[in-house]
Amino acid sequence: MTASEPAQWTLGHVWEALRKFWALVAGLTVLGGAAGYLVSSSVEPEFQARASLYFALNQGTSGADLNQGSAYTQNQMLSFARLATSSRVLEPVIERLALGTTPRDLARSIAITIPQDTVILDVTATSTDPDRAAEIANTVSDELAAVVQEVAAESTDGAATISASVIDDAVPPEVQSVPNKPRDALLAAAVGFLVGALAAFVATMADTRVRNEAAVARVTNLPVLGAVTRTKRAGAAGLIVAREPHSPVAEDMRRIQSALAFSALDGQSRRLLITSASPSEGKSTFSANLSLTLAAAGERTLIIDGDLRRPRVAELFGIDGEVGLTTALFGKVKLAEAVVPWRDDGPDVLTTGALPPNPAAVLTSLALRSLLDSAAHRYDVVLIDSPPVLTVADSNLLAPLVDGVVIVVDASRTRRPQLANTIRSIESAGGRILGIVLNKARTTSHRAAYYVQTPRRTAWGRRRLVRAGGSPAAEA
């Protein structure tokens, strides 16, 4: 009945990871954006100014000559771009502006661009001073135009064939080009989001807890009979169905009772084994509350404490456990004498009695099989609370003696491998698993709001806040 986990992530898995760790993703996104803005603010601002030159051929009057001259000029534009950052141009610029630098260092702060299919050359200068950036761009443009007149080929009359003229002077910029604080903050926030999303995916993949029905489906095809809401109030465990019959947990138990009613069980009697993968998952408290729910629905119910190592049923119902299952099995009393009725509308309770030195021998005895058969004739439902499957073999010994097995899973701690091993162990022992119950499950916000009523006044004028809560999530 086990199913292999999917090898690839779906969009649903991605959304689930982001939803579960939304605070981490949002925090890293905000932190990244703030860090990017602070780092950007610490960088010294730089300004850019741009001047433009136009290059033209100084000869030819016909259309053919002009076309050939334009093509020739375009072919020379790359040479003029290299010339703009050469020492021939930059040394005079350094002298005129008294920059106190070298042509190589100055060339690093100058960018030359040529718009495609044009004879226009743009000189962009970068400096921490906007006025200085404009001065450098204009001076480089002037010097480049002069040098082009010197190095260009001459015509027959001794004039330069190509001339350069400034068509746009550089002006001091009003806005810095670097750093761009909004852009840097946005990019850093995007990096923070990606890091947060990656961390959420890794955490989700590393978290193998069976938190919901989707996690159960990744382990087995067995149905989920229901989920029991966990309580946020300390000390709210125990017989919550009897204490708060209108609480969310009581409704959860009724849903599980209905799901069990639709299980394909043969015969009029139902013998159910309640177990879990490991200790402290709440199976004993679940068994006790399920027995209360069944009894309240009119079912003749008997709950048997089959945990002969760490019994909890007597403690939960608040009765003396000295006389019980082992007492009846050893023939000291009859089954009817060992059973303790719990209230008029409650279930009958059969505690463990004296704990035997060898529980396995008791659970495999013919006397136990005969006792269960006798109980099945007297009651509509017989619930057996058994030890955890992965701790001792007692549940495997009891599984073939019952009509079905219900596995209680702690949604806050049980791992998928534990659940898979539990299912495999019970099925190998010949047990029939009816389904899974998720215990201590998270409640949805809209459901929690439904059970919280606004304050209202009683007949004596006092304000009273009615709340429903609690969960059979005791350590058992």
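Brief remarks on what is shown
- Conditions (1) surrounded by fewer than 21 Cβ atoms within 10 Å (Cβ to Cβ); (2) in contact with a Lys or Arg (Cβ under 8 Å, 6 or more places away or on another chain); (3) within 30 Å of ALA420 (Cα to Cα); number of the one not met by ARG300: (3)
- Selection within segment 270-285: residues that are more than 14 Å from PHE317 (Cβ to Cβ) and not in a loop (DSSP other than H, G, I, E, B). The member of this set that is modelled with the lowest pLDDT is ARG270.
- From VAL323, VAL349, residue being outside any helix (DSSP H, G or I), free of Cβ contacts under 8 Å to residues at least 60 places away in the same chain and within 46 Å of the chain's Cα centre (by Cα): VAL349
- Hits in segment 50-72 - residues which are at pLDDT 80 or above and out of contact with any Ser or Thr (no Cβ under 7 Å at 6 or more places or on another chain): SER52
- When residues of segment 170-217 are limited to those that are surrounded by 15 or more Cβ atoms within 10 Å (Cβ to Cβ) and basic (Lys, Arg), the one farthest from LEU11 (Cα to Cα): LYS181
- Scope segment 115-137; condition touching a strand residue (DSSP E or B) at 6+ places or on another chain (Cβ under 7 Å) and of a type in the set (S, T, N, Q); matching residues: THR124, THR126, SER127, THR128
- One residue stands out in segment 112-152 among those that are among the hydrophobic types (A, V, I, L, M, F, W, C) and more than 22 Å from GLN76 (Cβ to Cβ): the one that is farthest from the chain's Cα centre (by Cα), namely ILE136.
- Checked against the criterion of being in contact with a helix residue (DSSP H, G or I) (Cβ under 6 Å, 6 or more places away or on another chain) and crowded, with 23+ Cβ neighbours inside 10 Å, the candidates THR364, THR351, THR327 yield just one match: THR351.
- Considering residues of segment 150-173 that are assigned to a loop (DSSP other than H, G, I, E, B) and of a type in the set (Ser, Thr, Tyr) only, the residue modelled with the highest pLDDT: THR161
The values are calculated or read from the model by the stated rules, or taken from the named source; none is laboratory data. Just so it is clear, the structure is predicted and the values come from calculations on it, not from any experiment. Don't worry about glycine lacking a Cβ; one is built from the backbone with ideal geometry, like all the others, and counts go over all protein chains shown.
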